[in-house]
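Peer 1: Please find one structure pasted underneath; my questions will follow.
The values are calculated or read from the model by the stated rules, or taken from the named source; none is laboratory data. All figures in this text were calculated on a predicted structure; none of them were measured in a lab. Using ideal geometry, Cβ is built from the backbone for each residue, glycine included, and neighbour counts are taken over all protein chains shown. Quick note on the areas: whole protein, heavy atoms, side chains included, nothing else; ligands and nucleic acids left out. Shrake-Rupley method; radii C 1.70, N 1.55, O 1.52, S 1.80 Å.
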Amino acid sequence: MGGVPMSCFYIQYVQGQKILRPVRSKEEYLKLRDSDRQKWLVSEIRRGLKDGSMSKEEIAKLKRQLLQFNYSCIPGEDGHLKGVKTPSMTFGMDIDFDPEDPDYEKKMAEVPQRVMEKKDEIKPKMLERSPGKGYHLVCMRTILDGIAEGRILENQEMNLKRVSEILQIPFDQNARDCTRIFYATTASEEDLIFLDEGLFEAEKAECISVAKHPETGITNKPEPAASDLSYQGIAYSAIIKKYWDMFYDGKEPCMGDRNVRTFEICMLLRSICDYSQEILEAVIPRYDGFPVDEWRRTIESALKEPRKGMPYKLKQVLDALRQEKKLQLMANGKTTGGTVTNINGQLSVMPERPKRMPKFLNLVSSKVDPYYKAMVEESIWPGVCAHLHGVKFWYIDGVDCEANISSPLIGKQSSGKGLVNKPIEYVLADITERDKENVQREEQWRERNKGKGASKDRQNRPKDIVIQRLDQDLTPAALAQSLIDGERNGKKRIITKVDEIEFLSDIGDGDKRKVSLLVRYAFDSGSWGQRRVGLDSVNGSYTVRWVWNASSTSSRAKAFINRDWVANGSLSRLNVNTIIKPEGNQNIKKVEAYDDKYAEELKVYIDRLNAASGDIRCKQADALAYKLLEEHNEIADLCESEGYRVFSYRAVKIGWLKACLLYIMNDYKWDKSIAEYVAYSVRRDLWAKFLYFGDEIEAEFAEEKNVSRSTPKNMLTMLPDEFTFEDYLNVRQSLGKQGDGRGTIRIWVHRGYIVLDDTTKRYVKKK
């Protein structure tokens, strides 16, 4: 099968492996799509999506039974869908728009016409409706000049971008993987909108010059290098690109400096290329038309220089790439994608906010620029919790709990942290109004009893007074009084909002250890108490129902939430929020005005919270918690990070609480947007914790306290597709891991990440 220039392959499963078989005619293709079972599956999936009668898991199970095609790669001799390096003459992509876009339906309806109007430019071979609302498009591949067929990822991405720009549709990130499968629909005219018989012919992809291409605007690309070659699982092409990014602001060599900088990159890489002329020629590009003979002599010159081991700059580059891999894993689980931004001086991946969000959260963040929506949505949970009283939830461990979510917001000065203030104030508006009445009543009581001391004429303080917002008088006595008042008046929750996290120290009499203890008691609804002698002193035992919002810069947050908070579990009980503006982007769009309409719409959800009572169960939230625990346990295995595993337990519980709260606010109806948001929110919480406190977390849980560990690193992604046990040990040693690591290998095999090839005695990744 190798080298067959076909483009359409359907997928069969043989002993659990995906095997590609070519579809050689239109008749065969239509027959496959026109089976009764295929028609029934498509009908059931669409019915479940339309009326909401099926869960996300049930729909996914049906989708996996659909006919599957690949249009972007040519499999090897054995037909396996792994390790492919040869692109087919076509490529496939999804077409979809943001469901929240008010013109969504209109844009979707216009897709077929838009494709046909650009037919001559994009050369479509197939257009179909997907099982959902989107489309699948297959187009003729263009082998862009200067991009060799072997550099399949780059070729794939440039073709995708070119067609996306022509059609003015969103770029399909997932289609960058040429082994991507597409779930087919039926052969009806409604589903199969366009089909060109050329899809089944042995054609050759068209070549054009990228320098002259009017759509990409890309010029001066380097000559091709074999990007599938790698060092410890990191492609040499990625190492080279990161070097230019870190030390030359991303500017590649050009006429005038291509000689000296090619020599420089040779000197950088030679120690990890076995000092081999052949390997260096395979991985180092010929920039800006560098003549071959001169380019080759430059490589030879670098190899003749005395050997000095691995350069320090190369170590910096490798560390940066491993850090990005780790952050990407934390941001988006085992998937790729996410928002790339500059964090602490290097590009990293932030968790990607779902396109579809619960209605309450969409409303809460509706007035701010899209870049700040996630920050506002994550800041709102303490205020939401403050409305519940007398409500219990039962977690999947069988223990009852209450909704106690506190959130520090970490970001640079002038980064926009203050944009959370208005939404929080509107969420707390009814509590603030009640507090004003109770403050006035308390003042009247004080006035009436001024100067009476302990005389018999002195009136007792009214027991029905409860002031839930404790933002000013942050003393232990004030907190104690507020908590006692809240407990005897319906088990109401006290909420504190401060602009600087250091102000919370006042509640612990200046002792951060007492604050961290209160944080633990608050999350767990633990009992607290004090004994005082004075008649006016607050005495007794009470449940700590206290939540808070606090803002801080990174340095101040790390000073306040120190290593002790990691060790005693206080940090894991917090929902860490952050805002990180990309460097160079200082423009903040005007915030829309908060008005009566916003308040009225918000009141619907707040009223549902206020009306809630008793024990509340949500089986969908429970199922989601089980799923998320398993997912993050797998990530911990891949990272070999006990710190990540331990912190994920409470992060999932916090996410589960959010799911239960959204369930209440959605009038006790489950929605799949809740599950999508919570999965993302848990990733975001963990990602932020490790971004700011990763060194402290890993140091606390490291087997050897003297081993420096920054943040979890996914060892599996650092290894090539096929590797020996010695390769694995080298990666472990480079990360400072102790022990023989055989337990981790067994886990990877058990979870199906890798298999051992009995013939070659090499481990092979399962894709």
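Peer 1: For segment 23-45, give me each residue that is open to solvent by less than 70 Å² (accessible area, probe 1.4 Å), within 37 Å of the chain's Cα centre (by Cα) and among the basic types (Lys, Arg).
Peer 2: Hit for segment 23-45 is ARG33, nothing else.
Peer 1: Would you say LYS658 is within 18 Å of VAL391 (Cβ to Cβ), assigned to a helix (DSSP H, G or I) and open to solvent by less than 10 Å² (accessible area, probe 1.4 Å)?
Peer 2: So LYS658 passes the test.
Peer 1: Could you tell me which of the residues ARG458, ARG493, ARG469, ARG441 is at pLDDT 90 or above and more than 28 Å from LEU657 (Cβ to Cβ)?
Peer 2: ARG441
Peer 1: Looking at segment 281-302, which of its residues are among the aliphatic types (A, V, I, L, M) and open to solvent by less than 40 Å² (accessible area, probe 1.4 Å)?
Peer 2: Those that are among the aliphatic types (A, V, I, L, M) and open to solvent by less than 40 Å² (accessible area, probe 1.4 Å): ALA282, VAL283, ILE284, ILE299, ALA302.
Peer 1: So, in segment 252-279, how many residues would count as being of a type in the set (S, T, N, Q), open to solvent by less than 30 Å² (accessible area, probe 1.4 Å) and part of a helix (DSSP H, G or I)?
Peer 2: 1
Peer 1: While we're on this one: So which of ARG683, ARG650 is touching a residue at least 40 places away in the same chain (Cβ under 8 Å), within 15 Å of the chain's Cα centre (by Cα), closer than 20 Å to LEU571 by Cβ and open to solvent by 30 Å² or more (accessible area, probe 1.4 Å)?
Peer 2: The match here is ARG683.
Peer 1: Output yes when any residue across segment 588-607 is modelled with pLDDT of 95 or more, open to solvent by 10 Å² or more (accessible area, probe 1.4 Å) and over 28 Å from TYR371 (Cβ atoms), and no when none is.
Peer 2: Within segment 588-607 (the criterion being modelled with pLDDT of 95 or more, open to solvent by 10 Å² or more (accessible area, probe 1.4 Å) and over 28 Å from TYR371 (Cβ atoms)), the answer is yes, since at least one residue qualifies.
Peer 1: Among the residues of segment 709-767 satisfying the criterion of being open to solvent by 70 Å² or more (accessible area, probe 1.4 Å), part of a helix (DSSP H, G or I) and of a type in the set (S, T, N, Q), which is modelled with the highest pLDDT?
Peer 2: Once the filter is applied, the top-ranked residue is ASN730.
Peer 1: Out of PHE97, PHE182, I need the residue that is open to solvent by less than 20 Å² (accessible area, probe 1.4 Å), at pLDDT 90 or above and within 27 Å of the chain's Cα centre (by Cα). Which one?
Peer 2: Sole residue among the options that is open to solvent by less than 20 Å² (accessible area, probe 1.4 Å), at pLDDT 90 or above and within 27 Å of the chain's Cα centre (by Cα): PHE182.
Peer 1: Condition first: touching a helix residue (DSSP H, G or I) at 6+ places or on another chain (Cβ under 8 Å) and not in a helix (DSSP H, G or I). Now tell me which residues in segment 595-654 satisfy that.
Peer 2: Matches in segment 595-654: ALA612, ILE616, CYS618, GLU640, SER641.
Every residue, every condition in (1) open to solvent by 40 Å² or more (accessible area, probe 1.4 Å); (2) within 26 Å of ALA559 (Cβ to Cβ); (3) touching a helix residue (DSSP H, G or I) at 6+ places or on another chain (Cβ under 8 Å), yes or no:
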position	(1), (2), (3)
TRP381	no, yes, yes
ALA386	no, no, yes
TRP394	yes, no, no
ILE410	no, yes, yes
GLY416	no, yes, yes
VAL427	no, no, yes
LYS436	yes, no, no
